[in-house]
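Engineer: Quick one: the structure is below, and I'll ask about it shortly.
The values are calculated or read from the model by the stated rules, or taken from the named source; none is laboratory data. Keep in mind that this is a model prediction, so the values were computed, not measured. Glycine gets a Cβ as well: all are built from the backbone with ideal geometry, and neighbour counts include every protein chain shown.
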Amino acid sequence: MSTIEFDICAENQMPILMLRVTQLWRQLMDAELAHHGLSQAKWRTLAILAMHPQGMIQSELADELAVEGPSLVAMLDRLSKDEWVARIQSDVDRRCKIIQLTPRAWPLIEDIRQSSEKIYQRTIAKVDVAPLALIEAFFLELRDRLYEDLPEKKRHHRQERRAACNLPSSQDWSAE
């Protein structure tokens, strides 16, 4: 009987390595933002919303965070109670709830950005194996190729929901 050597947790396998880097980044961000009392779920939600100042439909925010709707509703309830986000009903389609940051949230968003910048300077900026622009270009192209490989229904669903709620579509697929 032959045994096949296979280590599902091997750090040198690209998809596993990308997941591990993401986990480590989140752990560092958690430590940086601990003084704000922000959970990872909260700061990630706020950061994603900051990239969409015109707002996001609740279901697209859930997709972006990779969480189920009920989990997001509970998170939005907490963020809304703390006055970080507002749920706005679409003028066009009453079924659409558009989630936006409140003016009170923007100073916190700046703290999140500064924390991210600190980690970047301590880590990514010090990586010396290739020009960072080349690495970034690689990940941008990889993201686009992975997105294009998704089933068509998944790719175009966000754009259709945004149009139904009268939200502008974006050039960047990740902001659709």
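Engineer: From 86, 62, 105, 74, grab the single residue that is free of Cβ contacts under 8 Å to residues at least 12 places away in the same chain, under 23 Å from residue 168 (Cα atoms) and of a type outside the set (D, E, K, R).
Structural biologist: Numbers: 86 fails: free of Cβ contacts under 8 Å to residues at least 12 places away in the same chain; 105 fails: free of Cβ contacts under 8 Å to residues at least 12 places away in the same chain; 74 fails: under 23 Å from residue 168 (Cα atoms).
The unique qualifying residue is 62.
Engineer: Could you list, ordered by first residue, the pairs with Cβ atoms under 6 Å in which the first is in the range 39-57 and within 16 Å of residue 110 (Cβ to Cβ) and the second is among the basic types (Lys, Arg) and at pLDDT below 90, at least 6 apart or interchain?
Structural biologist: Short answer, once both residue conditions are applied: none.
Engineer: Continuing with the same structure: I'd like the residue in the range 49-71 that is of a type in the set (A, V, I, L, M) and either under 15 Å from residue 167 (Cβ atoms) or more than 13 Å from the chain's Cα centre (by Cα) (or both) and, out of all such residues, is surrounded by the most Cβ atoms within 10 Å (Cβ to Cβ). I'd like the intermediate steps shown before the answer.
Structural biologist: Residues of the range 49-71 of a type in the set (A, V, I, L, M): 49-51, 56-57, 61-62, 65-67.
From what is left, the residues that are either under 15 Å from residue 167 (Cβ atoms) or more than 13 Å from the chain's Cα centre (by Cα) (or both) are 49, 51, 56-57, 61.
Details: 49: 21, 51: 13, 56: 27, 57: 22, 61: 23.
Restricting to residues being of a type in the set (A, V, I, L, M) and either under 15 Å from residue 167 (Cβ atoms) or more than 13 Å from the chain's Cα centre (by Cα) (or both), the top hit is 56.
Engineer: Surrounded by fewer than 13 Cβ atoms within 10 Å (Cβ to Cβ) and either in contact (Cβ under 8 Å) with a residue 24 or more places away in the chain or in contact with a Lys or Arg (Cβ under 6 Å, 6 or more places away or on another chain) (or both), is that true of residue 92? Give the derivation first.
Structural biologist: Working: surrounded by fewer than 13 Cβ atoms within 10 Å (Cβ to Cβ): yes; either in contact (Cβ under 8 Å) with a residue 24 or more places away in the chain or in contact with a Lys or Arg (Cβ under 6 Å, 6 or more places away or on another chain) (or both): yes.
Considered against the rule, which asks whether it is surrounded by fewer than 13 Cβ atoms within 10 Å (Cβ to Cβ) and either in contact (Cβ under 8 Å) with a residue 24 or more places away in the chain or in contact with a Lys or Arg (Cβ under 6 Å, 6 or more places away or on another chain) (or both), residue 92 comes out as yes.
Engineer: Within the range 73-129, track down each residue that is within 20 Å of the chain's Cα centre (by Cα), more than 29 Å from residue 18 (Cβ to Cβ) and of a type in the set (S, T, N, Q).
Structural biologist: Within the range 73-129, 80, 100, 102 meet the criteria.
Engineer: Okay, moving on. Could you tell me whether any residue of the range 51-71 is of a type outside the set (Gly, Ala, Ser), modelled with pLDDT of 95 or more and in a helix (DSSP H, G or I)?
Structural biologist: Filtering the range 51-71 for residues of a type outside the set (Gly, Ala, Ser) gives 51-54, 56-58, 60-61, 63-65, 67-68, 70.
Then drop every residue that is not modelled with pLDDT of 95 or more, which leaves none.
Looking for residues that are of a type outside the set (Gly, Ala, Ser), modelled with pLDDT of 95 or more and in a helix (DSSP H, G or I), one finds none in the range 51-71, hence no.
Per-residue answers, yes or no, for (1) basic (Lys, Arg); (2) in a loop (DSSP other than H, G, I, E, B); (3) at pLDDT 90 or above; (4) surrounded by 11 or more Cβ atoms within 10 Å (Cβ to Cβ):
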| position | (1), (2), (3), (4) |
| --- | --- |
| 106 | no, no, yes, yes |
| 119 | no, no, yes, yes |
| 129 | no, yes, no, no |
| 135 | no, no, no, yes |
| 147 | no, no, no, yes |
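Engineer: Please go through the range 72-89 and pick out each residue that is in contact with a helix residue (DSSP H, G or I) (Cβ under 6 Å, 6 or more places away or on another chain) and either crowded, with 18+ Cβ neighbours inside 10 Å or hydroxyl-bearing (Ser, Thr, Tyr) (or both). So that I can check it myself, show each step before the final result.
Structural biologist: Within the range 72-89, the first condition is being in contact with a helix residue (DSSP H, G or I) (Cβ under 6 Å, 6 or more places away or on another chain), and the residues that meet it are 72, 75, 83-85.
Across the range 72-89, the qualifying residues are 72, 75, 84, 85.
Engineer: Here is a follow-up. Would you say residue 98 is in contact with a strand residue (DSSP E or B) (Cβ under 9 Å, 6 or more places away or on another chain) and in a helix (DSSP H, G or I)? Please lay out each step first, then the result.
Structural biologist: Values: in contact with a strand residue (DSSP E or B) (Cβ under 9 Å, 6 or more places away or on another chain): yes; in a helix (DSSP H, G or I): no.
In short, no.
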